[in-house]
Amino acid sequence: MAFTRLRKEVFAGITSFFAISYIIIVNPMILADAGIPQELSVFATIFISFIGCLLMGLFADAPIILTPGMGINAFFTYTVVTNLGFSWQGALGIAFLSALAFLLVTLTRAGKVLAAAVPLSLKCAITCGIGLFLVEIGLEKAKLIKAGTNSILALGDLSSPAALLSLLGLVLCLFFHQRKVTGGFFLAILLTSLVSYLTGALPPSHLDIELSRLPEYPSIVGQLDYSHVFSIPFFIAFFSMTMILVFESIGLLEGLLPKEGRFPRAFRASAATAALSALLGTSPTVAAAESAAGILEGGRRGVTAVTAGVLFLASLFFVPLLTYVPESAVAPVIIITGAMMMQQLERINFADFSEWFPAFLIVVLIPLTNSISTGLAFGFAAYPMMKAFTGKARSVSAINYGLGLLFLLQLILSAIE
């Protein structure tokens, strides 16, 4: 590789790293709501991102960054743990089996068949629904919304220090994003945290996040619980997480990869890393949408991913600084990430109601029910029905009928469980 090309790939990797570096803070914060110790989850996030980027770079030769996914971490925490009642160890067990099923799909023709068979409207709706779910989570963490008395949600106290800091962070994130500042989200988190520290608006976290705690990290490694493996909630969580991993990865990789020929290896690298993530104590990894930042900078080969991976490992030495990062500094990034995911709406055919309504069900029911699996179930079950009502029953593939029946079965089991 010529020096000019190598330099461009390295700078692309640096760009991608700073674009996604907020995940080091955000992922442990979301998983903390599931019960995984935040001070140890930081190490898991860093290690799996390092491994994933190396695997993507060296095996697939693709400029794609693999990190614990925004959206799938929300499903892990708020659906599997909070709604279905699993422990975080049980959720990791489900994540591992789902990732193995995902890996099996990538090693057979099933991956190509699913990618071609599932309608674009449903693929896009999954991304949009998860995005709207993240917006809701971000607004709650920002204290900009709260549970309402006469409504589901109400406006938060905008005069509170937390809300004011969140609004400052949101303005900074939007400014840097619109100005296309490299690492803008990371910079916005840094500046908001600095304002919080200098003004004393919010006290530093009491979390003991120190590099010296690294020897404690093995306590969350390999903690896979299968005590409820034959229960209905286990089937629901396993099936839904597998569907999210497969379809979200297909959508992201198809949209990000500069060359289509690298899709099979990149798809397998993504699945393998997702399986390793459960063993290392974190929610599954996916291809980061922020990889686009490095690709726009000229990243075309695996060197971009390897560079980002090395920077993830180097970030270990800055872990103690995370105690000074309040939720109000991170919440704006969650909100904007969700908003960017919802841009996939433009790819859905609104003129065809038989396409739009199943997608609509996915988009609105994910945040309204606080469950990604519920949104998927209603959307996939409704799709073949809507086509049949329109007189287009024969246009629906057998795979879509099969998925519709499986998701309908999931809803029935959820009702009688």
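Before moving on, here are some points about what is shown:
- Residues of segment 215-238 that are under 19 Å from residue 83 (Cβ atoms), aliphatic (A, V, I, L, M) and either outside any helix (DSSP H, G or I) or over 21 Å from the mean Cα position of the chain (by Cα) (or both): 229, 232.
- Enumeration of residues in segment 239-285 that are in contact (Cβ under 8 Å) with a residue 60 or more places away in the chain and either touching an Asp or Glu at 6+ places or on another chain (Cβ under 6 Å) or aromatic (Phe, Trp, Tyr) (or both): 239, 247, 267
- Every listed requirement among (1) at pLDDT 95 or above; (2) surrounded by fewer than 24 Cβ atoms within 10 Å (Cβ to Cβ) is met by residue 49 save one, (2).
- Inspection of segment 376-387 finds a residue satisfying the criterion of being touching a Gly at 6+ places or on another chain (Cβ under 7 Å) and small (Gly, Ala, Ser).
- Residue in segment 133-145 that is farther than 26 Å from residue 347 by Cα, in a strand (DSSP E or B) and either at pLDDT below 90 or among the hydrophobic types (A, V, I, L, M, F, W, C) (or both) present: yes
- Failed item in (1) within 23 Å of the chain's Cα centre (by Cα); (2) under 22 Å from residue 367 (Cβ atoms); (3) exposed (fewer than 14 other Cβ atoms within 10 Å of the Cβ), with residue 150 passing the rest: (1)
- The residues of segment 1-27 that are free of Cβ contacts under 8 Å to residues at least 24 places away in the same chain and either among the β-branched types (Val, Ile, Thr) or surrounded by 24 or more Cβ atoms within 10 Å (Cβ to Cβ) (or both) amount to a single one, 4.
- Number of the condition not met by residue 221 [criteria: (1) crowded, with 17+ Cβ neighbours inside 10 Å; (2) in contact with a helix residue (DSSP H, G or I) (Cβ under 7 Å, 6 or more places away or on another chain)]: (1)
- Selected residue (only one of 113, 105, 81 is aliphatic (A, V, I, L, M), touching a residue at least 40 places away in the same chain (Cβ under 8 Å), within 21 Å of residue 369 (Cα to Cα) and not in a strand (DSSP E or B)): 81
- Within segment 356-399, considering residues that are touching a Phe, Trp or Tyr at 6+ places or on another chain (Cβ under 6 Å) and of a type in the set (Val, Ile, Thr), the one farthest from residue 248 (Cα to Cα): 366
- Where a residue in segment 134-158 is at positive phi and its partner, wherever it lies, is among the small types (Gly, Ala, Ser), with Cβ under 9 Å and at least six apart: 143/156; 143/160; 143/162; 143/163; 143/166; 143/328; 143/331
The values are calculated or read from the model by the stated rules, or taken from the named source; none is laboratory data. Quick caveat, the model's predicted, so the values are computed rather than measured. In this analysis, Cβ positions are derived from the backbone assuming ideal geometry, glycine residues included, and neighbour counts consider all displayed protein chains.
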